[in-house]
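Student: Pasting in a structure now, in structure tokens, and then I'll have a few things to ask.
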Amino acid sequence: MNEKLEIEIQYTVEDYTRANEFILNQTFFFKYVHYFVGIPVLLIVLVLIPYLGGKFSDGISFGRDILPILIAGGIVLALLPFIMRLVSRLPNPGMKLIISSQYKSSPLLQEKQFVTFEDEGIRAKTSLSEGLTKWEAILKIIETEKDFFFFISNRSALFIPKNELVPQVHDQIRLFSRVKHGDKASLLHNTHI
């Protein structure tokens, strides 16, 4: 494949925030560990609520006191994965605030980037910087509804937002990804070589 694809991108605070949240959600901690933290906290709260309300002052009865707590706890535990999944998809206002202040203080982040897909790798260039990421350095490629991610480690990725690109460019990026990474590239649309 002896072709080049050149695109011009003006990143926004929303682009950087969305990308950072997606990359964080790819890590083990944000995917799974919050479940293990949530379950014990939930159980402690379910057991302490009746004590704090003085419900057990006249003695404990399994059928009257413990069984409803266990049923409520079981229902909440069954719903917990869905609740945590929903919460993890909500925007993080704290992250947006941090990224917004970084964006405002960095001329490099505010500049247009010229990204070139070529046989050697992905070249990103601004008036202040230039760099080449070789295809061999890219561990995995993931396409989402709004972005392309080219992971160079588990917690770091180059990303290309789709919002400024026409669908034909999306197809060309998919083609480069498929040629260079084969079936390891997790793309939304099948691209035939």
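Student: Applying the Karplus parametrisation 6.51 cos²θ - 1.76 cosθ + 1.60 with θ = phi - 60° to the phi angles of region 3-10, what ³J(HN,Hα) value in whole Hz is obtained for each residue in order, glycine and proline being reported as x?
Tutor: Once rounded to whole Hz, the list reads 10, 10, 10, 10, 9, 10, 10, 10.
Student: Could you go through region 102-116 in sequence order and give the Karplus-derived ³J(HN,Hα) for each residue, using 6.51 cos²θ - 1.76 cosθ + 1.60 with θ = phi - 60°, rounded to whole Hz, and x for Gly and Pro?
Tutor: Going residue by residue, I get 5, 4, 5, 8, 10, x, 5, 5, 7, 6, 5, 10, 10, 10, 10 Hz, with x marking Gly and Pro.
Student: Calculate, in nm to one decimal, what Met95 and Val76 gain on full extension: separation in residues at 0.36 nm each, minus their alpha carbon distance.
Tutor: 4.0 nm is the gain from fully extending Met95 to Val76.
Student: Let me ask something else about it. Quick one: 3J(HN,Hα) in Hz for region 149-162, Karplus 6.51/-1.76/1.60 with θ = phi - 60°, rounded, Gly and Pro as x.
Tutor: Couplings: 10, 10, 6, 9, 7, 5, 10, 9, 8, 7, 9, 10, x, 7 Hz.
Student: Also, I was wondering about something else. Which order do the peptides 96-103, 116-123 come out in when sorted by mean C-beta neighbours inside 10 angstrom, highest first?
Tutor: Averaged packing, sorted descending, gives the order 116-123, 96-103.
Bear in mind these aren't lab numbers, they're just calculated from the coordinates by the rules spelled out. This structure is a prediction, so every number in the text was calculated from the model and none was measured. Reconstructed Cβ throughout: ideal geometry from the backbone, glycine too, with neighbour counts over all protein chains shown.
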